[in-house]
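One structure is given below, encoded as structure tokens.
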Amino acid sequence: MDRFAVFVPKLLPREESFLPDAPISCKGCGEALAIRLVYKALGSAMIRKGTWKIPFKQPLPELKGTGKADAAMPSLLRLPKEDKQVLSICFDNEARLGKDIGTEFWRKRMPAVAVAEGVPYVATASPGYPFDLIAKVKKACSAPGDAYIHILCPCPAGWAFDASLSVQVGKLAVDSNLFPLYEAIQGTYFMTVAVPKERPVKDYLRLQGRFQQLSDADLAEIQKTVALEYSRLSASSKQGEKQHERH
Amino acid sequence: MTTWDQNKVGCILLEKKLAQPFKKGDKRTQKPALDIEKCTKCALCYLYCPDAAIRLRDDGFYEADSDYCKGCGVCARECWFGAITMMEER
């Protein structure tokens, strides 16, 4: 029975911990959706202990220059576990507010850095695959040692796409292999979502206003890099019973 | 007749409150409308709503609470059965 899981939205906990203190977010905010799902997975007892290292409530211009993950710091939720261990959840909306605007660079591979640092449980998640996200947060709570979860949050205002596409963009980032969902337990990678049909990176990038200046040559180059990275990742990972969700 | 000292102070919060009493769905231009005949009560709209605006009604259907809905249209896009359409706000 361990291999089977039920994915029914109705059976999720009804409690809404995010709403009462919710700051005023834009419509279709992927970060708000991710926080809501994380809070659903955590339960109210864990949430009360947590602190926002860089709070979600903080207005965006003030984040400038505080960067650690990259030029801009995504908001970071830290939850203490037993024995001084910490579960960190990074909500990355890829807002490069600092000096990097106009320069060409690939995003910093924060989960890979965490794996290299020896964090026992590292995972990536996307609100486009909500049950996968919930399963990973629950697993990170119960796993021994520190844990780090990197969540890619689509931002309709910053990425310039229609607000109703928020979940679709989160799915496309995974389906185009640009943001593969995996978890690394003690340094061993496991792919958690079997992508039903691979999509070209173009579908994901052309949907967003922030990548409109890319030429076809740029897209081909990005596609090549993504394919290389994904083949490297899937070669080092073990596929098997670890899959949480099939779509 | 009211004098100046009987008027309430404007634009000031007089007591400590959470964000909950404030209605956040005021600025929307579209609102979701539910077609009960197509709805299968699968609760996908409830799962994907970023603002937790979709509530369970007494008869088992899920409907957007217009005090919190911002009209983003995620629920209409994600509904498998096309039971939710975005209507112009009046």
> Here are some conditions: (1) surrounded by 14 or more Cβ atoms within 10 Å (Cβ to Cβ); (2) more than 14 Å from every other protein chain (Cβ to nearest Cβ); (3) not in a loop (DSSP other than H, G, I, E, B). A:Arg199 meets all but one. Which one does it not meet?
Replying inline: (3)
> Among the residues of the range A:126-160, which ones are more than 14 Å from the chain's Cα centre (by Cα) and closer than 24 Å to A:Ala227 by Cβ?
Replying inline: A:Trp159
> Checking A:Ala140 against (1) farther than 30 Å from A:Phe7 by Cα; (2) at pLDDT 85 or above, which single condition isn't satisfied?
Replying inline: (1)
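Residue-by-condition table, conditions (1) assigned to a helix (DSSP H, G or I); (2) in contact with a Lys or Arg (Cβ under 9 Å, 6 or more places away or on another chain); (3) over 28 Å from A:Leu77 (Cβ atoms); (4) not aromatic (Phe, Trp, Tyr):
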{"position": "A:His150", "(1), (2), (3), (4)": "no, no, no, yes"}
{"position": "A:Ala173", "(1), (2), (3), (4)": "yes, no, no, yes"}
{"position": "A:Glu183", "(1), (2), (3), (4)": "no, yes, no, yes"}
{"position": "A:Tyr189", "(1), (2), (3), (4)": "no, yes, no, no"}
{"position": "A:Leu205", "(1), (2), (3), (4)": "yes, no, yes, yes"}
{"position": "A:Arg232", "(1), (2), (3), (4)": "yes, no, yes, yes"}
{"position": "A:Ala235", "(1), (2), (3), (4)": "yes, no, yes, yes"}
> For residues in the range B:31-46 being under 21 Å from A:Val169 (Cα atoms) and free of Cβ contacts under 8 Å to residues at least 40 places away in the same chain, which is surrounded by the most Cβ atoms within 10 Å (Cβ to Cβ)?
Replying inline: B:Cys45
>> When the residues of the range A:161-190 are narrowed to those that are among the hydrophobic types (A, V, I, L, M, F, W, C) and within 14 Å of another protein chain (Cβ to nearest Cβ), which ends up farthest from A:Asp203 (Cα to Cα)?
In response: A:Ala163
> Of the numbered conditions (1) among the aliphatic types (A, V, I, L, M); (2) within 11 Å of another protein chain (Cβ to nearest Cβ); (3) out of contact with any Asp or Glu (no Cβ under 9 Å at 6 or more places or on another chain), B:Leu44 satisfies every one except a single condition; which is it?
Replying inline: (3)
>> List pairs: first residue in the range A:155-175 and under 13 Å from A:Val193 (Cα atoms), second residue among the aromatic types (Phe, Trp, Tyr) and in a loop (DSSP other than H, G, I, E, B) anywhere in the structure, Cβ distance under 6 angstrom, at least six positions apart or on different chains.
In response: A:Ala173/A:Phe179
>> Among the residues that make up the range A:149-157, is at least one of them at pLDDT 90 or above and surrounded by fewer than 19 Cβ atoms within 10 Å (Cβ to Cβ)?
In response: no
>> Any residue that is within 30 Å of A:Gln212 (Cα to Cα), part of a helix (DSSP H, G or I) and either within 14 Å of chain B (Cβ to nearest Cβ) or small (Gly, Ala, Ser) (or both) - is there at least one of those in the range A:128-148?
In response: yes
>> Anything in the range B:47-57 that is at the interface with chain A (Cβ under 8 Å from one of its Cβ atoms), crowded, with 18+ Cβ neighbours inside 10 Å and either aliphatic (A, V, I, L, M) or assigned to a loop (DSSP other than H, G, I, E, B) (or both)? List them, or say none.
In response: B:Leu47, B:Cys49, B:Pro50, B:Asp51, B:Ala52
> Looking at B:Gly82, B:Gly60, B:Gly71, which one is assigned to a loop (DSSP other than H, G, I, E, B), within 7 Å of chain A (Cβ to nearest Cβ) and of a type outside the set (A, V, I, L, M)?
Replying inline: B:Gly71
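The values are calculated or read from the model by the stated rules, or taken from the named source; none is laboratory data. Here the structure is a predicted model, which is why all the values come from computation and not from measurement. Cβ sites come from the backbone with ideal geometry, for glycine too, and all protein chains shown count toward neighbours.
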